[in-house]
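Every number here is computed from the coordinates shown, using simple stated rules; none is lab data. Predicted model only: the values in this text are computed from it and were never measured. Here the Cβ positions follow ideal geometry from the backbone for every residue, glycine too, while neighbour counts run over all protein chains shown.
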Amino acid sequence: MAHAISSPASAGSLSPSDLAIPLRELAPWLVLGALFAMSVLVLISSVQGAITIPEGTAIHEWVHDGRHLLGFPCH
Amino acid sequence: MTTRTFLVHGLLAGLLAGVAAFVVAYTVGEPQVDRAIALESAGATADHHHEDEAAASGSVSHSHSHDDAAISRTTQSTLGLATGTLAIGVVLGGLTGLLAAVGLGRLGSLRPAASTGLVALLGAVSFSVVPFLKYPATPPAVGSGETIDSRTALWFGFVTVSVLGVLAAVAVARWAARRWSGVPGTIAGAAAYVVVVTVAALAFPKVDELGGFPASILWDFRISSLLTLLAMWAVIGAALTALVDRSWRRQAAVEAQRAYAAAL
């Protein structure tokens with residue numbers, strides 16, 4: 001009869017901890033998300049600056065103002 | 001609500017945040033960038049020689065002048081700037097969304113909207129505001145090309161310490177909240193973070209390459225840079241919280257209906 005007892009409860013009375021998504025389910029998203037975020041961060045902030053790969057200055061020049069105004073080290 | 005819900009909401013919030021950051025950066029920040037570049041072109045900053053350095057060392061060179069730049073100042077300040085703010089906005093928004101999914105149901109008794117807002121706030125403080133206090137943004141014409149490697153390493157190092165510090169602080173807060181209650185838990189977490197970043201800020205070396213750069217332009221530039229970052233995080237936080245809350249209300253309504261039907 002557990003079902004009959006719990007069923008009248010509205011969703012509003014659910015404890016927030018019941019909503020928690022299992023870490024097993026979250027882990028792969030987080031791994032890819034963190035790696036992807038790092039890649040874009042390095043591309044926008046440091047490529048052709050602190051990191052001299054690839055050769056040239058086109059990427060550096062293109063995102064130049066963003067680097068300065070978003071607070072990344074630039075010169 | 002699933003991980004997917006949070007990621008989609010985060011990416012959307014990040015896109016909006018990128019647009020907001022661009023608007024602020026373009027209207028408030030670009031005039032300061034232009035003033036700094038005008039100074040640099042006029043050779044007013046004595047200890048700064050981009051062209052000479054580049055020619056001598058063969059390292060990455062770049063020029064802020066209008067004539068010989070591969071990409072014009074107009075493009076840099078519009079499409080180029082937008083590329084930066086949109087890309088950073090989307091990845092920060094997406095990652096904040098994923099971290100809000102982790103925080104769901106794990107931050108005391110906070111409801112989804114509140115835990116999401118808290119995650120965004122912690123992201124803003126640990127990723128942007130605190131690192132800005134230690135290594136503030138520098139305008140063009142400040143910062144030597146020879147030290148870009150060490151400055152970048154220091155910046156990434158400090159951001160890493162700050163973000164790991166806030167994650168550790170949340171763990172401390174959760175432990176203390178279980179041990180005692182919510183308020184002492186929150187205070188313990190905040191104190192843990194303050195201790196970590198203060199020690200790190202004292203331990204990390206100072207970077208001072210300002211030379212004779214005019215203080216008023218520097219101040220205006222830094223305020224505009226901080227406003228850009230704050231605009232980005234404010235929109236990430238507000239939009240993500242609103243979207244998560246909407247999803248939560250929908251889900252709650254569906255579950256309330258189910259519960260009502262089951263009770264009949």
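Miscellaneous remarks
- Potential extension, B:Ile223-B:Ala203 segment - 0.36 nm per residue separation minus Cα distance: 4.7 nm
- Shielding by other protein chains, B:146-156, mean Cβ within 10 Å: 5
- For the peptides A:36-45, B:230-239, the ranking by mean Cβ contacts within 10 Å, running from highest to lowest, is B:230-239, A:36-45.
- Contact order for chain B, expressed relative to its length and based on alpha carbon pairs under 8 Å spaced 6+ residues apart, stands at 34 percent.
- In order through region B:125-133: 3J(HN,Hα) via Karplus (6.51 cos²θ - 1.76 cosθ + 1.60), integer Hz, x for Gly, Pro: 5, 7, 8, 10, 5, 5, x, 5, 5
- Centre separation in Å (Cα based) which lies between region B:1-38 and region A:36-54: 18 Å
- Two-site label geometry, B:Trp180 and B:Ala153: point separation in nm, points 7 Å out along Cα→Cβ: 4.1 nm
- Alpha carbon convex hull of region B:150-208, projected area averaged over orientations, nm²: 3.9 nm²
- Average 1/r across all pairs of distinct alpha carbons in region B:106-237, invert it, and you get the Kirkwood radius: 16.4 Å.
- Sequence-ordered 3J(HN,Hα) estimates for region B:207-216 from the Karplus curve with 6.51, -1.76 and 1.60 and θ = phi - 60° stand at 10, 9, 10, 6, x, x, 4, x, 5, 5 Hz, glycine and proline given as x.
- The largest-to-smallest principal axis extents of the Cα set in the protein assembly as shown are 83, 38, 34 Å.
- Packing here is the average count of other Cβ atoms within 10 Å per residue, and on that basis the peptides B:134-147, A:59-72, B:11-24, highest first, run A:59-72, B:11-24, B:134-147.
- Kirkwood radius, chain B, all distinct C-alpha pairs, inverse of mean reciprocal distance: 20.7 Å.
- Most to least packed among A:24-30, B:31-37 [average Cβ atoms within 10 Å]: B:31-37, A:24-30
- For the peptide B:78-84, the mean number of other protein chain Cβ atoms found within 10 angstrom of a residue's Cβ is 6.
- Angle in degrees between helix B:81-103 and the longest Cα principal axis of chain B, rounded to the nearest 10: 30 degrees
- Cβ-Cβ FRET estimate between A:Glu25 and B:Arg246, R0 fixed at 22 Å, reported to 0.05: 0.50
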